[in-house]
Amino acid sequence: MLVNLDDTKRNAIAVKLADMKLLQQLLIDNEERFVRECTDGEIADILRRMLDDDHKNLGILDTVLVQYGIHKDADLTAQEVVQKVRQFMEGNELSFFEKVFQHELLKHQQVMNGLTIHKAVQKVGADVMAAIGPLNTINFENRAHQEQLKGILEILGVRELTGQDADQGIWSRVQDAIAAISGAVGSAVTQTSDKQDMNIQDVLRMDHNKVNILFTELLQSDNPQKIQEYFGQIFKDLSAHAGAEEEVVYPRVRPFYGEENTQELYNEQARWGPALEQLRTISPSAPEFKDRIREIWDKIGDHIRQEESTMFASIRNNMSSREAEELATQFKAAKGRIQERMGGTRTEVTV
């Protein structure tokens, strides 16, 4: 019996996401090296801002990975390529211009990875679209970085070939190109603040949105196999979400959210497990199955509304932005550990 929806497709996307994370860390390492080696103050400042963006984007990519919920290793070929590039970047065979040139190619590769995943998930499911939504931010900023790197390469290339500075006007053309990209992307939301990660409210809201999509898809389906698959995905997503909340979120908010309110959230989640376990004994083609699903969804809806109203407000009033971001990082790490432990489990229902 299948646990996840379209396992083959989703596993392939999970590998590509792992490739993106591997490449993202390489981009960060390269930019740290460039900032140290660059002797041009203006270019160094641009690279430093690029590095800040890429640190933030690594956090966003971590969010996508735990939202997606399937953890795979990067492709072996991708691992070999990254290792070879590292060797070139660390060595003296390439000039600074040539290293930046290779870095721009890596940015292009990362853009294509993100865009390919975005297009692929449109063929897989609405819940996956919700999970990978933050990739839009990474895709936009990498496109903008490409334009900045082209400007840097023009300056460095002219200096290397002629020993003279390039004509003025390069950076105004770069800004025009970035503005054009922004208009084309439209709905992409960039992180222009000093945030190091998404805050805990944003991450929990994404979880809530994904599980609501899964419940909707299940109730709209008349295919027993698809219903079974949606149920398996709901079971795994809710288990990982609830476990991570109980491990890191609820203990953190209890002092200011209150003992009674926090315990209510614990108690509600404690009832989900047995209710979902009971559903595993019911055929997905039985009318009773969807009736029970609706009951559980109603209870989860009440739980979500409490979290997104009173608990989120309490977090905003009692935690700094940095603390809320750190809590999100801890939540994602806990959820990732739970997902990995659950990776080999099967969630079956009677047919």
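The values are calculated or read from the model by the stated rules, or taken from the named source; none is laboratory data. For clarity, every value in this text was computed on a predicted model and none was experimentally measured. Cβ coordinates were reconstructed from backbone atoms using ideal geometry, including for glycine residues, and neighbour counts include every protein chain displayed. With ligands, DNA and RNA removed, areas are computed over all heavy atoms of the protein, side chains included. Shrake-Rupley method; radii C 1.70, N 1.55, O 1.52, S 1.80 Å.
Numbers below:
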read-out: Hits in the range 280-329 - residues which are among the aromatic types (Phe, Trp, Tyr) and over 24 Å from the mean Cα position of the chain (by Cα); value: Phe289, Trp297
read-out: Check on Val81, among the β-branched types (Val, Ile, Thr), farther than 30 Å from Asp127 by Cα, at pLDDT 90 or above and open to solvent by 50 Å² or more (accessible area, probe 1.4 Å); value: yes
read-out: Long-range neighbours under 7 Å by Cβ, at least six apart or interchain, first residue in contact (Cβ under 8 Å) with a residue 24 or more places away in the chain and under 12 Å from Gln201 (Cα atoms) within the range 314-328, second outside any helix (DSSP H, G or I) and open to solvent by 80 Å² or more (accessible area, probe 1.4 Å); value: Glu325/Gln196
read-out: Residue identified as surrounded by 13 or more Cβ atoms within 10 Å (Cβ to Cβ) and free of Cβ contacts under 8 Å to residues at least 40 places away in the same chain among Leu61, Leu76, Leu94, Leu65; value: Leu94
read-out: Selection within the range 294-351 - open to solvent by less than 60 Å² (accessible area, probe 1.4 Å), at pLDDT 95 or above and among the hydroxyl-bearing types (Ser, Thr, Tyr); value: Ser314, Ser320
read-out: Conditions (1) over 21 Å from the mean Cα position of the chain (by Cα); (2) open to solvent by 80 Å² or more (accessible area, probe 1.4 Å); number of the one not met by Ile43; value: (2)
read-out: Enumerated helices (runs of 4 or more DSSP H) restricted to the range 197-313, each holding at least 2 residues that are among the β-branched types (Val, Ile, Thr); value: 200-220, 224-244, 287-306
read-out: Leading residue by the ranking (nearest to Tyr257 (Cα to Cα)) among those in the range 330-345 that are within 16 Å of the chain's Cα centre (by Cα) and among the aliphatic types (A, V, I, L, M); value: Ala334
read-out: Given (1) in contact (Cβ under 8 Å) with a residue 40 or more places away in the chain; (2) open to solvent by less than 10 Å² (accessible area, probe 1.4 Å), index of the condition Phe256 fails; value: (2)
